Each structure stands twice: as structure tokens, then as C-alpha cells.
1. Could you run the Karplus curve 6.51 cos²θ - 1.76 cosθ + 1.60 with θ = phi - 60° over region 325-340 and give me ³J(HN,Hα) per residue in whole Hz, x for Gly and Pro?
2. FRET efficiency for Val286 and Ile45, Cβ-Cβ distance as r, R0 = 56 Å, nearest 0.05?
3. Assign one of three labels to region 19-106, namely rounded, prolate or oblate, based on the Cα gyration tensor with a ≥ b ≥ c the square roots of its eigenvalues; rounded applies when a/c is under 1.5, prolate when it is not and a/b is larger than b/c, and oblate otherwise.
4. Which length gain, in nm to one decimal place, applies between Val175 and Glu200 when the Cα-Cα distance is subtracted from 0.36 nm times their residue separation?
5. Between Val230 and Leu314, what is the FRET efficiency for a Förster distance of 45 Å, r being their Cβ-Cβ separation, to the nearest 0.05?
6. Explain nothing, just compute: Karplus ³J(HN,Hα) = 6.51 cos²θ - 1.76 cosθ + 1.60, θ = phi - 60°, for every residue of region 72-78 in order, whole Hz, x for Gly and Pro.
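Throughout, read-outs are computed from the coordinates displayed, never taken from laboratory work. Predicted, not measured: the structure shown is a model, and the values here were computed from it. Methodologically, a virtual Cβ is constructed for each residue, glycine included, from the backbone with ideal geometry; neighbour enumeration extends over all protein chains shown.
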Amino acid sequence: MAGSRLHSTRLSPWADGLGRAGSRAAQILLILTLVVVGVYALLQIRLLVIPVIIALILAAAIGPFVNLLRRRGVPGALATAIAFLGLLIALSAIITVIVISVRSQADELVTSATEGLDELQAFLTSGPFPISPEQLAEARTAIIDFATSAQFRSGAISGVSVVAEFLTGATLMAVILFFFLKDGKKIWEFFLRPFKGEREQKLRRSGARTLEVLGSYVRGTAIVALVDTVAIGIALLILGVPLAIPLAMIVFIGAFVPLVGATLAGVLAALVALVANGPVVALIVVAVVVGVNQLEGDLLQPIVMGKSLRLHALVILLALTAGTILAGIIGAVLSVPIAAVAWAVLQVWTAEDPNLEPLNPDLPPAGSEPT
């Protein structure tokens with residue numbers, strides 16, 4: 001009997017090395033299928049998923065301020081309202097500054113752009129690699145034809161729907177953020193109720209690590225972005241580049257996309273300087289942007305970010321690419337903090353978390369009832 005069982009085991013197609021490899025490959029394919037299906041399902045409700053993620057990131061960033069107010073005796077609802085309104089005022093101030101600056105310098109920019117384009121056309125026709133006027137006329141005609149085409153108009157119509165979707169998502173995000181700040185502990189305790197013992201402890205630590213990583217990432221990135229904005233903005237003002245303030249604000253926003261965001265914003269500033277002020281000023285702007293980026297990468301990020309973002313540059317690049325493919329610009333902004341959180345949570349569940357002490361004293365102890 002034992003011999004027959006042993007013989008049948010040896011004859012099993014899954015008993016040899018190829019069978020084990022096939023079994024493992026099937027498991028990997030099943031996991032990948034589940035991941036793809038899950039991502040596809042989340043993309044179908046991205047109008048809900050993206051506001052929730054943004055609200056969670058903002059809550060992690062300004063949550064310590066709310067907790068500080070509560071420890072100082074400020075009622076929970078009032079502390080939440082103060083932090084929430086402060087964030088809305090800051091965002092509104094940034095938008096107002098950009099709009100006012102664009103309106104006040106629009107005429108100057110149009111005039112400078114016209115002169116700059118004339119200079120650029122003269123350089124292209126008489127430079128080291130001359131382009132004939134006929135080729136420039138053909139390019140201009142192609143651009144005009146595209147701008148008046150049905151494809152461009154349909155893109156403009158879809159842009160209107162994008163604006164409506166953005167406003168809806170922004171409103172939903174604001175509401176979710178308010179409740180995260182006000183009732184974050186209760187919401188988290190509600191999700192932890194079905195779990196007990198070691199699994200509950202790991203989930204609790206995962207939540208603490210998520211708050212720590214997201215909060216440190218947002219606050220650190222904001223400090224780095226502020227330094228970039230001030231340095232590049234001062235350079236643009238000294239050089240007399242039009243729209244210096246809005247361009248500096250774009251640098252601040254772009255800095256939240258690691259590796260490439262601030263650089264692309266600097267390239268935009270250099271293009272404006274090229275059109276409005278000529279190639280010499282544009283080269284100076286490029287030099288300033290490169291210098292600021294070097295300062296950011298070699299000094300500011302290691303000091304300000306610390307160890308909150310333990311990801312290799314290649315991992316960040318891959319996360320940026322995947323996020324951009326899946327969700328466009330907003331995916332590029334959210335991909336890196338999501339990857340950092342995923343790595344931190346993985347460390348918790350594999351018992352490789354280097355931070356063994358409690359990470360967030362504001363979270364209630366295990367087994368306690370929400371207040």
C-alpha cells in the first residue's frame with residue numbers, strides 16, 4: 001500500500017521540478033489576474049477613489065496640527081474646522097495669486113511673445129541650421145488647421161467634462177477630508193473591529209506607518225517645493241521674466257511630482273523666458289533650475305525627507321510611469337506616496353519594520369473603544 005502511494009506520487013505530473021514550476025507560475029498568474037481586475041475596478045470608480053486617497057494624504061499631513069489643538073483643549077469639531085478652513089484659505093490664496101498675476105501681465109506677455117516669436121523665426125531662418133520660410137509657413141498652417149479641426153473641438157468639449165469632473169472630485173475630497181480629520185479614529189476603529197490578536201496589531205501598526213509615511217512625505221515635499229519656488233521665483237523676478245509669480249507657483253505644484261515635476265516646471269519657465277526675454281535669459285533660467293534641482297537632490301531631500309521615503313530612484317521612476325499610464329497627472333502625483341506606503345506596510349507584515357516603537361501616540365491602544 002505504501003509502495004503504491006509512493007509510486008503514484010513519483011508519477012504525479014506536479015511532483016518533479018517542472019510541475020512545481022508550473023504550479024508556482026499558475027499561482028503568480030492568478031495573483032496578477034486579481035491585481036489587474038482590482039486595478040481595473042478601481043479605475044472605473046476613480047471619481048471616488050482619487051478624492052479618498054487625496055483626502056487621506058492631506059489628513060495625514062495636517063492631522064498632527066488637529067491633534068495638537070485638541071491636546072491644548074480646543075474641542076474636536078472646532079480644531080477640525082480651524083485646520084480645514086486654514087487649508088482651504090491657503091489653496092484659495094495660491095489660486096488667487098496665479099489668476100491676478102496672469103491678468104495683470106497678460107498684455108505684457110502677449111507683446112513680448114510676439115517680439116520673441118519674431119526673433120525666433122529670424123534665428124530659425126538664418127541660424128546654423130536654417131529653415132526656409134516656406135517650411136515655417138507650412139508648420140504654421142498645420143497648427144492653424146489642427147486648432148480649427150473637429151478633433152481639436154472634440155478635445156475642447158471633453159475638456160469641459162474634465163473640468164466638471166474635477167469640480168465634483170474636489171468637492172467630494174473636501175467633504176471626505178473634513179470627516180477624516182473629525183472622525184478619523186472612529187473610522188479606523190470601525191474597520192479594525194473584525195480583527196483580533198496579532199492580525200489586529202499588524203493592521204494597527206500598518207495604519208500608524210501609513211500616517212507617518214504620508215505625513216512626512218507631504219510635509220517634506222512641501223518644504224522642498226517652497227525652497228524651489230522661492231529660489232526660482234526670485235531668479236525670474238530679477239531677470240524680468242513675465243509671469244514670474246505664476247511660474248513660481250507652478251514650480252511649487254510641480255515639485256510634488258518627484259524627479260521630474262520641478263524640472264518640467266523649470267523648463268516651462270525657461271520657454272517663457274525664451275519667448276519673452278531672448279535666449280540669453282532663457283539659458284540663465286535653465287542654469288538656475290539645474291542648480292536648484294542639484295541643491296534639492298543632494299542637500300534638501302536627505303535632510304527634510306529623512307527616511308520617510310525609503311525607495312530607490314528606479315522604484316520611484318517605475319511608480320511614476322505606472323501612475324501616469326493609469327491615471328494621468330494625478331496618478332503621477334499619487335503614485336510615489338502610494339508606493340512608499342505599500343513598502344512600509346509590507347515591512348510591517350514581514351516583521352522587517354525598523355521602527356518597533358509606537359509611531360503615532362494619537363492612535364488609541366489595541367482593544368480600546370473609540371471615543
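1. Computed from phi, the couplings for region 325-340 are 5, 7, 9, x, 5, 5, x, 5, 6, 8, 5, 5, x, 5, 5, 5 Hz.
2. E between Val286 and Ile45, to the nearest 0.05, is 0.85.
3. Taking the square roots of the gyration eigenvalues as a ≥ b ≥ c, region 19-106 is oblate.
4. Net length gain for the segment: 6.2 nm.
5. 0.90
6. For region 72-78, the Karplus curve yields 7, x, 6, x, x, 5, 5 Hz.
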